[in-house]
Every structure is written in structure tokens, then in C-alpha cells.
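Worksheet: the structure to be examined is printed underneath.
The values are calculated or read from the model by the stated rules, or taken from the named source; none is laboratory data. Just so we're clear, the structure is a prediction, and the values are computed from it rather than from any experiment. Neighbour counts run over all protein chains shown; Cβ positions are idealised from the backbone, glycine included.
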Amino acid sequence: MRQIAPVTVAGAFGTRAATVNYGPREDECHLELNLDDGRVLSASGSDYFACLVSIRRELEAEGIVVCCQGARKDVWPSGMARDMAAGLQAYVLTIGRTPLRHELVAIFDPADRKLIGTVAEQERYFKLWWSSPRARSG
């Protein structure tokens, strides 16, 4: 079953509305980002987070970012979230701390433009978080 989520994209033009259309296609997750200029970017992969990353890389070349939780510098899905929820949920990570259940976000939910990073920034933050000593908090 296909799902639709409204998102915002931002660039030199300011912000614009877009739509994420996602669902399974054969044995893979499939994601389409419909921009208001008529363009459609699509990706297929093992989970929806991976699809979002692929589309974000394409848009970054044009100076465009997707303003959703899955594009935040400090958000990354756990292995379990990728396996059990097809990468539709991810954790907000804090350096030096294991994330808690309430820090789980839906990757297509809106996010403030100031929190959005490039794919490279997000990967760097995740690696920094992963290498940091973490204590369970709560």
C-alpha cells in the first residue's frame, strides 16, 4: 500500500511544498519525491531511510534540502528500526548518550530548516555518536 506525506524543500528559492509517495515495489522499498515544479525523483532500496538518502544526494547537487526529520544532522535509524519499521523511524541522537524510545521520530515528519544537514554531515554525526562512550540515561 502506498503512503503519501507532505514535506517542504528549501534552497536559494526559499521553501516550497513537495510530496513524498512511498510504498513497496516488488521486494524493495520505493520512494518518490514530487516537487512543485513537476519533477519527480525516485529511489528504491532496502529501507525508506536509504531511499531518502539517495534522493537527498541528488538534490544536494542543486543546493536543495528536504526539511524532514530524516534529514536532520542528528537523526539516524537503528538497525532494528531499519529492519522492523523499514527505516520509517529513526532516533534523534545525542553525543555520549543512548537514545530513548521517546526520541524516535518518523522520518517524513516536518523538521526546522536549521536542523537539516547534508548527507555527509549526517553520516559524520552518526559516526561521532557511534564512537562516543554512551551511558543509558532516563
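If I ask for residues that are out of contact with any Phe, Trp or Tyr (no Cβ under 7 Å at 6 or more places or on another chain) and exposed (fewer than 15 other Cβ atoms within 10 Å of the Cβ), which ones from region 91-114 would you list?
Matches in region 91-114: Gly96, Thr98, Leu100, Arg101, His102, Ala106, Asp109, Pro110, Asp112, Arg113, Lys114.
The rows are residues; the columns are (1) at pLDDT 95 or above; (2) surrounded by fewer than 14 Cβ atoms within 10 Å (Cβ to Cβ); (3) over 9 Å from the mean Cα position of the chain (by Cα).
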{"position": "Ser42", "(1), (2), (3)": "yes, no, yes"}
{"position": "Tyr48", "(1), (2), (3)": "yes, no, no"}
{"position": "Arg56", "(1), (2), (3)": "yes, no, no"}
{"position": "Ile64", "(1), (2), (3)": "yes, no, yes"}
{"position": "Cys68", "(1), (2), (3)": "yes, no, no"}
{"position": "Arg72", "(1), (2), (3)": "yes, no, no"}
{"position": "Met80", "(1), (2), (3)": "no, yes, yes"}
Selection over region 70-104 where residues are in a strand (DSSP E or B) and more than 23 Å from Val9 (Cα to Cα) yields a count of 3
Which of the residues that make up region 105-138 are free of Cβ contacts under 8 Å to residues at least 12 places away in the same chain and either basic (Lys, Arg) or part of a loop (DSSP other than H, G, I, E, B) (or both)?
Lys114, Arg124, Lys127
Selection within region 22-38 - surrounded by fewer than 19 Cβ atoms within 10 Å (Cβ to Cβ) and among the aliphatic types (A, V, I, L, M)
Leu35
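Looking at the structure I just gave you, is Arg124 basic (Lys, Arg), exposed (fewer than 14 other Cβ atoms within 10 Å of the Cβ) and at pLDDT 95 or above? It would help to see each step written out before you state the result.
Numbers: basic (Lys, Arg): yes; exposed (fewer than 14 other Cβ atoms within 10 Å of the Cβ): yes; at pLDDT 95 or above: yes.
Yes; evaluated as a whole, the condition is true for this residue.
Which of the residues spanning region 37-80 are within 13 Å of Glu121 (Cβ to Cβ) and either touching a Phe, Trp or Tyr at 6+ places or on another chain (Cβ under 8 Å) or free of Cβ contacts under 8 Å to residues at least 60 places away in the same chain (or both)?
Result: Glu60, Val65, Ala71, Arg72, Lys73, Asp74, Val75, Trp76.
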Taking Ile4, is it loosely packed, with under 13 Cβ neighbours inside 10 Å and among the β-branched types (Val, Ile, Thr)?
yes
Return the pair list, or none, for Cβ contacts closer than 7 Å from residues in region 1-23 that are of a type in the set (A, V, I, L, M) to residues that are surrounded by fewer than 12 Cβ atoms within 10 Å (Cβ to Cβ) and assigned to a strand (DSSP E or B), at least 6 apart or on different chains.
Ala17/Pro6
